[in-house]
Amino acid sequence: MKPPQILFGAAVFLLLIACKSEVVTDYLNLPATPFDYSVSLPAYFFTNAGGRLPTSLNGTDNTPPDNPTTNDGATLGRVLFYDKNLSINRTIACSSCHNQSQGFSDSRPLSVGFAGGTTRRHSMTLINARYYQRGRFFWDERASTLENQVLQPFQDPTEMGLTAAQISERVSEQPYYPELFIKAFGDNAVTNDKIARALSQFVRSIVSYQSKYDEGRALVNAPGANFPNFTTSENQGKQLFLRPLNNGGAGCFGCHTTEGFISANPGPQNNGLDANSTTDLGSGETFPQNALFAGRFKTSTLRNIELTAPYMHDGRFNTLEEVVEHYNSGIQNHPTLSAALANPDGTPVRLNLTTTQKSALVAFMQTLTDHTIATKAKWSNPFCETNLCFDGSVTSGAYQSSNSITNALLASVENGNQVNFTSAKSIILQPNFEIKAGGIFKAEISGCN
Ligand code: HEC
Ligand code: HEC
């Protein structure tokens, strides 16, 4: 009976050796097989319903031929998107201002950067960024492609505060990137170009097609038909949204168009927020040679609009009711007001909607909410597990993980509190993890990586 015992003892010994010698660097919670980032939209996204409604997304995809989205590329993009090491003081990631639960926008009118400074404009949703034929980005369209856009937040002095060289330096310093670069691009050389490609792939994967609107749309032949799954109010709001002004509608679909509710118009528009532009000329700053661009802004998708409050480039409206009231009674006669919002004599349109019609428009826009966007794991934070990603606000409790545990920055165990960590792999404490006098910290590693 001795041999088995010896074998058993040897196994324990080996296990201990493994525990001692291995430095565990499992910072990420990624699936063994990458998530599927391909976009397969229902057929109605690509059919023209006939009549005057431009419903098809055909011709609007800005994916360049040399950067198609792959599952490994988007996975690398996801990690970069959530990595706070990529701001100068390691406090801000792209996700800080583009929050999954808020339609990849920010609930603050202006977002907060690494040093507490605020951005000039309201954060934009990233949903359907892929579907914009002009392929230009930012409210003022100053970025000529998405690949150019995604490197700018890193270098913005308010947002993330890095230099161009520091972007790839910071990425190279992290132990988890070489493997991700090899999978995505075949080698582990870190360049800003690859970082831009991966981030763009991740952003282009965020497409919405599973809303109440889509459930109804699948049941009928054209968007104008009454949707069987809609309430009377939602169907009424849909008619108002789709129909032009001269046909009893509110004319919204003229600018928020196609099944993606994107802008298929040639360029930025002016929706009459102000009578003139003084401090923010929008696309007039990008294209100063053409007076028509002054005071115009990019129209992004209305899908998931319920989640992306506040609204407009400066976040001036807190609710969809306020937005509808703007279109109903508040349009200003700006010199570049879009023709779609002006009467034949040039004065701003007044919709004169009833209370019922206004709430119908809001009810319709709420059918565009796709809850899978807000919850799908493939777009979520991959750094440790969400319930284990604790920061200063969680100071006490028990943390158990079958993976490794990494604490976020600024975490502390407060006086009088006790924190128990049990991890199957490893427990990694960041340098500024703090145990205050009287706080108790217990850690137990139950396995080896
Ligand atoms: C501190 C907040 C903040 C951070 C961090 C941030 N953004 Fe943004 N983002 C904004 C704001 C604000 C805008 C709109 C700015 C403007 O138009 O002038 C914006 C606009 C965008 C747009 C344009 C969308 C469109 O339809 O034109 C994209 C894409 C984008 N951000 C991606 C990213 C990525 C990728 C990162 C990380 C590398 C990032 N952002 C980091 C606040 C932030
Ligand atoms: C002439 C084109 C045009 C028409 C018509 C139009 N919009 Fe807009 N819409 C825009 C533009 C441009 C913006 C962004 C303006 C800005 O922020 O400066 C916008 C912004 C919005 C936003 C906020 C988007 C965000 O991300 O903050 C909502 C909601 C909206 N529109 C709803 C409607 C509704 C409802 C109607 C019909 C009553 C309508 N729009 C008609 C051009 C238009």
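Computed from the coordinates by the stated procedures, all read-outs in this text should not be read as laboratory data. The structure displayed is predicted, hence computed values, not measured ones. Neighbour counts are summed over all protein chains in view; Cβ atoms, including those assigned to glycine, are modelled from backbone coordinates with ideal geometry.
Cβ crowding within 10 Å ranks Ser380, Ser101, Ser208, Ser277 as Ser101, Ser380, Ser277, Ser208, fewest other Cβ atoms first.
What are the residues whose amide H is under 5 Å from the amide H of Ile427, where those residues sit 5 or more places off or on another chain and H is modelled from the backbone? Under 5 Å from the amide H of Ile427: Ile405. For segment 312-320, putting each phi into the Karplus relation 6.51 cos²θ - 1.76 cosθ + 1.60 with θ = phi - 60° gives couplings of 6, 4, 10, x, 6, 9, 7, 9, 5 Hz, in residue order, rounded to whole numbers and with x for Gly and Pro. The length gained by stretching the chain between Asn318 and Thr191 to full extension, at 0.36 nm per residue less their Cα-Cα distance, is 41.7 nm.
Would you mind computing Rg(Cα) / (2.2 N^0.38 Å) for segment 175-267, counting N as its residues? Computed over Cα atoms of segment 175-267, the ratio equals 1.68. Calculated FRET efficiency, Asp61 and Thr354, Cβ-Cβ r, R0 35 Å, to nearest 0.05? Efficiency at R0 = 35 Å is approximately 0.35. Per q in 0.11, 0.16 1/Å, what log10 I(q)/I(0) does a Debye calculation on the alpha-carbon atoms of segment 128-221 return? So the normalised log intensities are -0.45, -0.79. Given R₀ = 45 Å, what would the calculated FRET efficiency be for Ser233 paired with Lys183, taking r from the Cβ atoms and rounding to 0.05? Once rounded, the FRET efficiency stands at 0.40. Footprinting exposure proxy ranking of His326, His98, His371, fewest other C-beta atoms within 10 angstrom first, gives His371, His326, His98. If you average the C-alpha positions of segment 213-242 and of segment 112-144 separately, how far apart do those two centres end up, in angstrom? Using only Cα atoms to place each centre, the spacing works out to 30 Å.
Within 10 Å of each residue's Cβ, count the other Cβ atoms and sort Asp140, Asp72 from fewest upward.
In order of increasing Cβ crowding within 10 Å: Asp72, Asp140.
Taking Lys and Arg as +1 and Asp and Glu as -1, the other residues whose beta-carbon sits under 15 Å from that of Arg296 total -1. Where in segment 275-289 does the label zone of Gln332 land, with the point 7 angstrom along Cα→C-beta and an amide N cut-off under 12 Å? Residues 275-281 qualify, since their backbone N sits under 12 Å from the label point. Our coupling estimate for segment 203-212, obtained by passing each phi through the Karplus curve with A = 6.51, B = -1.76, C = 1.60 and θ = phi - 60°, is 4, 5, 7, 8, 10, 9, 8, 10, 9, 4 Hz, Gly and Pro reported as x. Using the average count of surrounding beta-carbon atoms within 10 Å as a protection proxy, the listed peptides 152-162, 73-83, 166-176 rank, highest first, as 73-83, 152-162, 166-176. Karplus-based coupling profile of segment 76-84, in residue order and whole Hz: 4, x, 4, 5, 4, 4, 9, 8, 6, with θ = phi - 60° in 6.51 cos²θ - 1.76 cosθ + 1.60 and x standing for Gly or Pro. So how far, in whole Å, is the C-alpha centre of segment 67-86 from the one of segment 177-192? Using only Cα atoms to place each centre, the spacing works out to 11 Å. Protection proxy ranking for 84-94, 250-260, using the average of other Cβ atoms within 10 Å per residue and placing the highest first: 250-260, 84-94. Taking a point 7 Å from the Cα of Ala275 along the Cα-to-Cβ direction, the residues of segment 333-352 with backbone N closer than 13 Å to it are 333-335, 348.
Can you give the FRET efficiency to the nearest 0.05 for Leu41 and Arg120, using r as the Cβ-Cβ distance and R₀ = 51 Å? Taking R0 as 51 Å, the efficiency between Leu41 and Arg120 is 0.90.
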